[in-house]
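The values are calculated or read from the model by the stated rules, or taken from the named source; none is laboratory data. Please read these numbers as outputs of a predicted model, since none were measured by experiment. Methodologically, a virtual Cβ is constructed for each residue, glycine included, from the backbone with ideal geometry; neighbour enumeration extends over all protein chains shown. Areas reflect the complete protein model, heavy atoms only, side chains present, ligands, DNA and RNA absent. Shrake-Rupley method; radii C 1.70, N 1.55, O 1.52, S 1.80 Å.
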Amino acid sequence: MSEFWAATLEETVRSSERLARIQTQTRDVAGWLEQYTDAAPTSSNSGSANVPFQRWFHFKEAFSPKFVTDTLSSLPYQVNRCLDPFAGSGTTAVTCRMLGIGSVGVEVNPFLVDLIEAKLSPLPAAEFCLNYEKLISSLDIDIEDEVLSPGMPLTLVEPGKNGRFVFNLDVYRTARAILRKSQKLEPQQARLLRVLLGSVLVTNSNVTINGKGRRYRSNWQERKRSGSDLISSLDAAVDTAIADLTKFSGLSRGEHVIYYGDSRTVLTKVTDADVAIFSPPYPNSFDYTDVYNLELWMLGYLNSSIENMVLRHSTVRSHVQTKWATTAHQASSARLNDVLEALRQKRVSLWNKNIPEMVAFYFDDLWTIFNQLSRILKQGHHAVVAIGDSQYADVHIDVATILTESIASLGFQMVERGSIRSMRNSSQHGGGFELSESCLVFERST
């Protein structure tokens, strides 16, 4: 065979292989998206336990990729760059990557920033596995692995405080030893291992986590988790992540940027986007830094009580777990004024006397976000928000109406409102499904 025909045949074979890889990749992406087709509600992360990337870490507050794909497909213009000011577990960014669309996100929780970056970044799987096996096989426990960092809650490790502790000593020191050894890995590999270690902490603890924080398991004193149990869980998490990274290794990282920090200020770094898709905290007085308290402290994202306080003050003012500084009110809404007056009238009945001020601050913060979006989004483009109502002392907070009135002066007009689901009210209000969660579509009209 001549050199010409040999080269031509070789190129044909390579082209066929490349086409096969592209076709396989396309099927993989389609399958990833279709796994959410029947998931309900689209605003929740329900059904994510077996979906690549989403299964790395259980994130209760997330909306589903279907919410993102449905939104993008309904827009009357092409989207090249999508913005999520509250990036969370990275659903918007990961979905955009699957679709070949650029994205930019902002997230205030440093652990979640690493989680998103790990999902988006290609990584040499074989090399990571080899380094992980070496790390675990040579793992040694140092005396420093048993010591609490300054500011760490005493209840993190036995003997704890008042007889209660989150981690048995063997689990705690094993986790800290893995974290210490991981710092010798290449930064991208160290980040992935840190994220995966974070994903198995709660499983190997004496507590469970819900939207309001953590509570001790039933009969937790008899639940003797060990360092070996932690490593077994981590082995499974590594296998899962490597399977996902390998299956989708053909995807380019693309134009994806994640900013770490307070969205109220960090959005000034974003120059433009075609659409904003996000779900901000609800005015339900949940402090989400508490929800991720274990990961933040155990993985070294927090190293002092001052750092913990700074992080809390960098969040949207949707809770009363910290004392907020008084600021000038920006949000102007007749409905908000009525709600605030009703709350003040019932202040003595409220479980926290600062709730009226917190509600006012909350809408001021959302106004600040939309003030930035009025610069980032072009006229005729949209901000799509999944958001929920709240209620205190029988005073209903109609978030959709208040937000619509508040941002009208910024040139945003609500063009569509759809009900996503009904949320269960808190037990102090009877626990019924009385509060609505809505998808609000705002168009920048001026």
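General remarks:
- Annotation: lysines with alpha-carbon distance below 21 angstrom to residue 224 (same-chain offsets under eight excluded): 161.
- Summed side-chain charge close to residue 194 - residues other than residue 194 whose Cβ falls under 14 Å, Lys, Arg +1, Asp, Glu -1: +2
- Exceeding the 31 Å Cα-Cα cut-off - candidates 119/181; 60/269; 184/323; 134/269; 181/247; 66/181: 184/323; 134/269; 66/181
- Solvent-accessible surface ranking, highest first, for 319, 329, 396 at 1.4 angstrom: 329, 396, 319
- Whole-angstrom gap from the stretch 241-292 to the stretch 374-413, using each part's C-alpha centre: 20
- Protein accessible area in the stretch 270-355, 1.4 Å probe - carbon and sulfur %: 51
- Ordered from longest to shortest, the equivalent ellipsoid semi-axes for the stretch 324-390 are 28, 13, 10 Å, each the square root of 5 times a Cα gyration tensor eigenvalue.
- In terms of packing, defined here as the mean over residues of other Cβ atoms within 10 angstrom, the peptides 336-347, 75-86, 103-114 line up highest first as 103-114, 75-86, 336-347.
- Potential extension, residue 375-residue 417 segment - 0.36 nm per residue separation minus Cα distance: 12.8 nm
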